[in-house]
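Student: To start, I am sharing the structure in question, which I have written as structure tokens.
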Amino acid sequence: MKPTTSRLIKMITMPKSFGQPPTVNEINKEKEEFFKRLLGALDSQLVGKTFFCGNEITVADLLYYNEISTVIHLTKKDLK
């Protein structure tokens, strides 16, 4: 499991298990690092292509869109 993912999981489970909620600054820092890594990986995957698997849309593109838009909506991330 990638370090960013495991930190996010800990931020969710630790308060419920041990009563140690993360601070707002810690949550914001983790969100920014998560999006920095996510968007960087997506950009590198799309180099020279229109869609993730080539120049035509596939099920993979629809799945990526669904997952990314859900995360953006839940975290209220502004991508401007």
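The values are calculated or read from the model by the stated rules, or taken from the named source; none is laboratory data. Note that the structure is predicted; figures quoted are calculated from it, not measured. Glycine also receives a Cβ, built like all others from the backbone with ideal geometry; neighbour counts cover every protein chain displayed.
Student: Can you tell me which of (1) assigned to a loop (DSSP other than H, G, I, E, B); (2) among the aliphatic types (A, V, I, L, M); (3) at pLDDT 85 or above is the one L62 doesn't meet?
Tutor: For L62, the exception is condition (1).
Student: Condition check: modelled with pLDDT under 65, assigned to a helix (DSSP H, G or I) and surrounded by 10 or more Cβ atoms within 10 Å (Cβ to Cβ). Does T13 satisfy that?
Tutor: For T13, the condition - modelled with pLDDT under 65, assigned to a helix (DSSP H, G or I) and surrounded by 10 or more Cβ atoms within 10 Å (Cβ to Cβ) - is not met.
Student: So which residues in the range 23-50 are in contact with a Leu (Cβ under 9 Å, 6 or more places away or on another chain) and either loosely packed, with under 14 Cβ neighbours inside 10 Å or over 17 Å from L74 (Cα atoms) (or both)?
Tutor: L39
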